[in-house]
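Novice: Let me give you the structure first, and then I'll get to my questions.
The values are calculated or read from the model by the stated rules, or taken from the named source; none is laboratory data. None of these values were measured; they are calculated from a predicted model. Counting neighbours? That spans all protein chains shown, and the Cβs are built from the backbone with ideal geometry, glycine included. The area values use the complete protein model at the heavy-atom level, side chains included, leaving out ligands, DNA and RNA. Shrake-Rupley method; radii C 1.70, N 1.55, O 1.52, S 1.80 Å.
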Amino acid sequence: MEFFFEVLIGGLLSGVMYSLVALGFVLIYKASGVFNFAQGAMVYFAALTFAGFVDMGAPLPVAFVGAFVSMIVLGILTERVVLRPLVNQPQITLFMATIGLAFFIEGLAQIVWGASTRRIDLGITDEPIPYILDRFNMVVSTFDLIAAVIAGALVAVLAAFFQYTKIGRALRAVADDHQAALSIGIPLQHIWAIIWTVAGFVALVAGMLWGARNGAQFALTFVALKALPVLILGGFTSILGAIVGGLIIGSTEKLAEVYIGPMVGGGIENWFPYVLALFFLLVRPEGLFGEKHIDRV
Amino acid sequence: MKFKKTLFALAATSALFAGMPAAQADDQFVSLLSYRVGPYGNNGISVFGGWIDYMKLVNAKGGVNGVKLTWEECETEYNNARGVECYERLKGKSPTKGTMIHPVSTGISYSILDKTLADKVPLVMIGYGRTDAVDGRYFPYAFPLVTTYQMQASAMLKFISQRLGGKETADLKGKKIAFVYHDSAFGKEPLEVLRAESALNKFEVVEIPVAHPGIEQTAQWQQVRQAKPDFVIFWGWGAMNSAGLQAAQKVGFPREKMVGVWWSGAEEDTVPAGPGAKGYMAANFGVVGKDIPLIKDIVDTVYKAKQGDMKDESKIGSVLYSRGVLHGLITVEAIRTAQAKFGKRVMTGEEIQWGLEHLKIDQKRLKELGAEGMMPDTKVTCADHEGSGKVMFQQWDGTKWNKITDYLEGNRTLVRQLLDASAKKYAEEKKIQPRDCAAVDAGTETGAANKKTAKK
């Protein structure tokens, strides 16, 4: 039973890491109704930029600020060059644009910083907490716990931002209808630039944490694949959904890998969350916390 | 607007032709299926950098018996489909169809195996690829050179036995080994030999696959913790390696009880893992470092002339850079061997096939080249397209790899039984008749004939 709980807790904490990436998707989707295919590339770009500044000798806070400024510039440029010409275009057009953007960002990151893996050392140990190991014979990593706290804090801040600020309300209006939002004086371009910057900030935090574990490397673009089933479960428009979805996906994929995997040859944790998401789609297409879509007939 | 379009067209044309050395008829053209971007670009940069630097060194010293090497890279991103496309594209660049082809990917090796046979272009797979091609009777144009995955896995077991206080693999009786592997053709190659060794020597193997790309391995390492193995064999590539080392640290599994395949034992794997990698061990071809005379020669000749391929010169002499140098060295030695028989001119694929099948690189020759100890003695024959089968082991001390053993050899008899059976099965499926290796060795058969029986 101890092992079951160890896997469960490990899965929940891994799920938090997925949620961090999913949050970036949710932010863009809420503001523009577009699934941002480039979110994984943004995580990679942010992590590589942060690591690049550190390698140049910058202290961690300076590197963080430098990377954040880079993400702001990237967000503004994305709005100017990619999104602004596509206002009022069908959402599929915007989606296709983000596919192109993903390739561009991946290439840009490698041109600027090189394709080599860079180490990120945040000074957080990724080792079992001795107290929990000795007392409960369970492995829980310090790093995972701190990542969970950071994710929780991010969610609280973002939820408050969307719910209680003027910009948050404007963001929700833009997500609902671009043209209507424009007609009542909401500056669409500013809103998009802000939301891409916030998504860039979330990508930076996710990139730093994922990069601290795996190094800042191209494979970080794949974490986006981990976030997809999280979004389907939690709903594309809910910040809380991203967290809950992450927890569900993280825990079930780990339990499935450990308990079902050996029966079918193992290596199932990549596709198992998608199967789970498929079942959710059949029962609740909008996800656990997504907005129910009602069409007027 | 018109000016802008013209400018764009000019820029695009320049970009297309920039860096493309023209393949001359009197140059030996080498196709390079490289990957410098994408998920494995981190590894490819060093491998292809070392390889190109070596070829530049050879050219700087007059070429291979006066024949200059030219090459062109085609970016595969380690993707099978792109690998096939690149092979097809580059083979048309010279009359020799690319001299020989190194896919530097097990997946691409499988994808172009039949094409290389039809084109009579030797398929060279140094430390990877289709391993039953060691049986040259059925695979005249495929060369899994130096050491196969199976021989490496078998040698690893002997190494583990020695680390656990034994001497031979038989001393592993009653022990438990966890095999954490990349769930792909590459990762599954050694499964059969591990199972056979386990049955023969009465130890247990716990198989734990990791799905590509392996950036999240918590569940797998929790399974390792639950299994309480005496040792872990880690068979990863790319992002999976540093993630696995971190995950081992996360569950508290000692890295001193982990040994990796030689594609899991480079600085690219250990540096990103930080302190989590200290104590970890891995197989390798031989010694590495900047003090090796050949590497010094490259620095003095190629880099001082500002012709080096590596932007990050700190990686010169690293594990993967050295492996790239060996790719170049083996390529050149095969051309040189072929030239000794056919004359000092550009070699065709068929002639290089002969060169590869008579390749002999011993420590004496390596010393002449300034590369003593960089790889084991290798002698290729028609019956043995592997040529060595030995590996050495190294350990990461937190800053660099250190050699910790001499060359070890696994159970050759057992491995060859398995590989020969697999090769025979392949030949039956493809209706290939075996070559007579005694006749090839005696020189009465040219070596590359691949007769197919008529379909019934």
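Novice: Does B:S314 satisfy the condition of being among the polar types (S, T, N, Q) and open to solvent by 10 Å² or more (accessible area, probe 1.4 Å)?
Specialist: yes
Let's see how each residue does on (1) acidic (D, E); (2) assigned by TED's automatic domain parsing to the domain that holds B:Y321; (3) open to solvent by 50 Å² or more (accessible area, probe 1.4 Å); (4) within 17 Å of the chain's Cα centre (by Cα):
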site	(1), (2), (3), (4)
B:I361	no, yes, no, yes
B:K364	no, yes, yes, no
B:K367	no, yes, yes, no
B:E372	yes, yes, yes, no
B:M375	no, yes, no, yes
B:W401	no, no, no, no
B:I404	no, no, yes, no
B:V415	no, no, no, no
B:E428	yes, yes, yes, no
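Novice: How many residues are open to solvent by less than 70 Å² (accessible area, probe 1.4 Å) and assigned to a loop (DSSP other than H, G, I, E, B) when one looks only at segment A:114-148?
Specialist: 13
Novice: Follow-up question, since we're still on this one. Looking only at segment B:225-241, how many residues end up being over 16 Å from B:Y280 (Cα atoms), open to solvent by less than 10 Å² (accessible area, probe 1.4 Å) and more than 19 Å from the chain's Cα centre (by Cα)?
Specialist: So the count comes out to 0.
Novice: Among (1) modelled with pLDDT of 90 or more; (2) open to solvent by 30 Å² or more (accessible area, probe 1.4 Å); (3) away from every other protein chain (no Cβ under 14 Å), there is one condition A:I111 misses while meeting the rest; what is its number?
Specialist: Going through (1) modelled with pLDDT of 90 or more; (2) open to solvent by 30 Å² or more (accessible area, probe 1.4 Å); (3) away from every other protein chain (no Cβ under 14 Å) one by one, A:I111 breaks only (3).
Novice: Now, a different point. Consider B:K290 carefully, then state whether it is without any contact (Cβ under 8 Å) to a residue 24 or more places away in the chain and open to solvent by 10 Å² or more (accessible area, probe 1.4 Å).
Specialist: no
Novice: Give A:L231, A:L255, A:L276 a once-over and let me know the one that is in contact (Cβ under 8 Å) with a residue 60 or more places away in the chain and surrounded by fewer than 20 Cβ atoms within 10 Å (Cβ to Cβ).
Specialist: A:L255
Novice: Just checking, which of A:T78, A:T49, A:T98 is surrounded by 18 or more Cβ atoms within 10 Å (Cβ to Cβ), more than 30 Å from A:I9 (Cα to Cα), in contact with a strand residue (DSSP E or B) (Cβ under 9 Å, 6 or more places away or on another chain) and more than 12 Å from chain B (Cβ to nearest Cβ)?
Specialist: Exactly one residue qualifies, and that residue is A:T49.
Novice: Taking segment B:193-244 as the search range and keeping residues that are in a strand (DSSP E or B) and within 8 Å of chain A (Cβ to nearest Cβ), which one is nearest to B:V271 (Cα to Cα)?
Specialist: This residue is B:V210.
Novice: Moving to a separate point now. Six or more apart or on different chains, Cβ under 8 Å: which pairs go from a residue in segment B:339-365 that's hydroxyl-bearing (S, T, Y) to one that's surrounded by 20 or more Cβ atoms within 10 Å (Cβ to Cβ) and in a loop (DSSP other than H, G, I, E, B)? Could you list them?
Specialist: From residues that are hydroxyl-bearing (S, T, Y), the pairs are B:T348/B:T96.
Novice: A further question follows. When you go through A:L209, A:L255, A:L288 one by one, which is the residue that is away from every other protein chain (no Cβ under 11 Å) and farther than 30 Å from A:I72 by Cα?
Specialist: From the options A:L209, A:L255, A:L288, the qualifying one is A:L288.
Novice: Could you grab me the full set of residues in segment B:254-264 that are open to solvent by 20 Å² or more (accessible area, probe 1.4 Å) and part of a loop (DSSP other than H, G, I, E, B)?
Specialist: The answer is B:P254, and nothing else.
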